[in-house]
Amino acid sequence: MGTSYASTERDAIRSGTSAWRQIRILGLPVHDVTLPEAVERIRAWCAEPAPLRQVVTLNPEMAMAARRDPGFRAVIERAALVTPDGVGMTLAARLQGTPLRARVTGVDLVEALAFAGCRLFFLGAAPGVAERAARALAERFGARIVGTWAGSPRTEDATAALERIAATRPEVLCVAYGAPAQEHWIARYREELTRCGVRVAIGVGGTFDYLAGVVPRPPLLVRRLGLEWLYRLLRQPWRWRRQLALPHFAALAVTEAIRARCSSRP
Ligand code: UDP
């Protein structure tokens, strides 16, 4: 039994297909994964030859964006790992009767990978922010951030970013251009990044802002209660328009859950 599970797991790691349970939320794939499992898998991918694996930390705002953007949907479908980011994802999963064990946010994942000793490159955010984030992680646990570069998602800025990445040969590339620009950027330069030695690329949103202390991270209690969205709305009220996606997501998730439960009745 044990041996056969281990070999299934090995095959899954080798092929890049996940052995985790995958559910669908608003038609999008989401893996039932915990933070330690995600870190373990990413480290295993780092030790393997190409191809590059893309990781998406999917939150409700992104799920709503994917409804309007088929290209973004396709990128999420092709990702090797899609983690549930945001309380909306875990609530939607529970509502439809397919609960997820954990949430794995971008900032938690980056911190954990840094702690695990992965060679990381921080791309994106405002000038100076990625450096400050890298310094903060190095001070906290001697993280190996091999390079940082603000750059931008514009095509004309890609060469400069790729040159810097190639020069430092990171295992994991963390891209903070905001969703879905960061996911599109990774997908678009997948082959170039593979040649630069990158094994795993993750879109990390506002992670560097949090790590650098530019944007305060919600206190642990607020995070445990799943109220980051409220905290963010109070601290960054100009985001209200973007957050309109959240009630829309909730309404769709409830409708989908009711439909799923009705159709599963005998
Ligand atoms: N960002 C960037 N270039 C852009 C757009 C965004 O570097 O063209 C950075 C922005 O500075 C921030 C990060 O992307 O550090 C994430 O932005 P946002 O708050 O939109 O992402 P979220 O946290 O909602 O995923």
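The values are calculated or read from the model by the stated rules, or taken from the named source; none is laboratory data. Remember, predicted model here, so these are calculated numbers, not experimental data. Counting neighbours? That spans all protein chains shown, and the Cβs are built from the backbone with ideal geometry, glycine included.
Here are the numbers for this structure:
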item: Meets criteria (modelled with pLDDT of 95 or more, in a helix (DSSP H, G or I) and either charged (D, E, K, R) or more than 14 Å from the ligand (Cβ to nearest atom) (or both)) for L100; result: no
item: Matching entry among E156, E183, E192 (being in contact with a helix residue (DSSP H, G or I) (Cβ under 6 Å, 6 or more places away or on another chain) and more than 30 Å from A92 (Cβ to Cβ)); result: E192
item: Among the residues listed as R103, R119, R53, R94, the single one being free of Cβ contacts under 8 Å to residues at least 24 places away in the same chain and either buried (at least 18 other Cβ atoms within 10 Å of the Cβ) or under 17 Å from P29 (Cβ atoms) (or both); result: R103
item: Complete set of residues in segment 219-232 that are within 12 Å of the ligand (Cβ to nearest atom) and free of Cβ contacts under 8 Å to residues at least 24 places away in the same chain; result: R232
item: Of the criteria (1) modelled with pLDDT of 95 or more; (2) surrounded by fewer than 20 Cβ atoms within 10 Å (Cβ to Cβ), which one I13 fails; result: (1)
item: Qualifying residue in segment 19-29 (condition: away from the ligand (no atom under 16 Å from the Cβ), crowded, with 22+ Cβ neighbours inside 10 Å and either without any contact (Cβ under 8 Å) to a residue 60 or more places away in the chain or part of a loop (DSSP other than H, G, I, E, B) (or both)); result: no
item: Positions within segment 141-172 being basic (K, R) and either surrounded by fewer than 14 Cβ atoms within 10 Å (Cβ to Cβ) or away from the ligand (no atom under 16 Å from the Cβ) (or both), in sequence order; result: R144, R154, R169
item: Some residue of segment 191-205 being among the basic types (K, R) and within 16 Å of the ligand (Cβ to nearest atom); result: no
